[in-house]
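Q: The structure under discussion is supplied below as structure tokens; questions concerning it will follow.
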Amino acid sequence: MKKTVFNPAHHTLGARMVEFAGFEMPIEYSGILSEHMAVRNAAGMFDVSHMGEIWIKGRGALELLQRVSSNDAGSLFPGKAQYSCFPNGNGGIVDDLIVHQFDPEKYFLVVNAANIEKDWDWLKANNTNGALLENASDRICQLAVQGPAATRILQKLTRHDLSSMESFTFITGEIAGIQNVIIAATGYTGAGGFELYLENGNQPLRLWNEIMEAGKEYGLKPVGLAARDTLRLEMGYCLYGNDIDDTTSPIEAGLGWITKLQAGKDLIDKDYLQEQKRNGVKQKLVGFEMVDRGIPRQHYEIRDAEGSCIGNVTSGTLSPVLNKGIGMGYVATPWSKPGKQVYINIRNKMLLARIVKFPFISETKFL
């Protein structure tokens, strides 16, 4: 297994380690519940160095992005980022990602760990206009500091005014005396915060330790992948491989807002996606809350009152904030309206649930 540059810190802290996307990663430290609530109420720090980083540069960079990524990269400006996905040419999704623009000929893509090689091959196969591609995944590490106290913690370590940064903007600057760190006001928890990107080497471990020290007064905790999953699920954020994949379209997944089909954007699958937007889809990704007591899990059937299968669960958990089971899944479109009552087949028991709008919880504030 590969190891991130922060691996020694995880072992020192007694994290429970697992294999994930070819890396030895921390699944939890002090427990999922305590880590989850630290992020919701104060702050947590994640090692997400297993994620992939790809540069697209040169005159053909924007043209390539407009063809392969669903969002409108032409609306970006230096210091602005956007969430997007790669349509796969067959109505599905290659991956979801974040695109950062440094200048009109320089873009930084952050992709899912399990899809790095797949995304790299996809970009190369569609690079017909001479853009310069660089897979920097093996030399860049990433920390996510998330939660309502994240700004206060990181501000102690940098002269840059982090409180003035809007969501999905970024700067390149100094933090904890380390130069050329990409500081992005992004994350996948719904609790606010930043993601930090820097070169591997001796400095990242020092950065980890300085952030942990700066965060002591705010209750900062190290957080593993298990709580990362429950946090994103409470917000209704898609997880590739669960809620979206090569068989699900962005329109079915509720990602129409990042699927821009305007004239002049020669997007892969454009005609197919326009037809789905115009005529609708047969299934939709929805959120549901359990009314009966039970925890939904991936692949459980979603049924109607008569017991007919109308869909399947793609993600599910016990929400630490709501203290009830929540989940996401695809259902036949007539069943996708909020308020609809459905049943989740949990160990051959039909347990009542209700379709709800995302997110499952409202934004938390640090007091």
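The values are calculated or read from the model by the stated rules, or taken from the named source; none is laboratory data. Quick caveat: nothing in here was measured; it's all calculated off a predicted structure. Here the Cβ positions follow ideal geometry from the backbone for every residue, glycine too, while neighbour counts run over all protein chains shown.
Q: Taking Lys340 as the residue in question, decide whether it is more than 25 Å from Tyr188 (Cβ to Cβ), of a type outside the set (Val, Ile, Thr) and surrounded by 16 or more Cβ atoms within 10 Å (Cβ to Cβ).
A: Yes; evaluated as a whole, the condition is true for this residue.
Q: Another question, then. For the stretch 107-121, does any single residue satisfy the condition of being touching a His at 6+ places or on another chain (Cβ under 9 Å), farther than 21 Å from Ile244 by Cα and not in a helix (DSSP H, G or I)?
A: Yes, the conditions are met somewhere in the stretch 107-121.
Q: Taking the stretch 24-64 only, how many residues are farther than 17 Å from Gly147 by Cβ, touching a residue at least 40 places away in the same chain (Cβ under 8 Å) and more than 18 Å from the chain's Cα centre (by Cα)?
A: So the count comes out to 10.
Q: Here's a follow-up. Return the residues of the stretch 298-356 that are in a strand (DSSP E or B) and hydroxyl-bearing (Ser, Thr, Tyr); say none if nothing qualifies.
A: The answer is Thr314, Ser315, Thr317, Ser319, Tyr330, Tyr343.
Q: Output the residues belonging to the stretch 98-121 that are under 20 Å from the mean Cα position of the chain (by Cα) and more than 23 Å from Lys80 (Cβ to Cβ).
A: Here is the first cut: in the stretch 98-121, the residues under 20 Å from the mean Cα position of the chain (by Cα) are 98-101, 107-120.
Hits for the stretch 98-121 are Ala113, Ala114, Asn115, Ile116, Glu117, Lys118, Trp120.
Q: Would you list the strands (runs of 3 or more DSSP E) that sit entirely within the stretch 1-88 and hold 1 or more residues that are among the charged types (D, E, K, R) and surrounded by fewer than 18 Cβ atoms within 10 Å (Cβ to Cβ)?
A: On the way: elements: 16-20, 23-28, 44-47, 52-57, 80-87.
Those strands (runs of 3 or more DSSP E) span 16-20, 23-28, 52-57, 80-87.
Q: Follow-up question, since we're still on this one. Among the residues of the stretch 300-317, is there at least one that is under 25 Å from Gly187 (Cβ atoms), surrounded by fewer than 21 Cβ atoms within 10 Å (Cβ to Cβ), in contact with a Lys or Arg (Cβ under 8 Å, 6 or more places away or on another chain) and modelled with pLDDT of 95 or more?
A: No.
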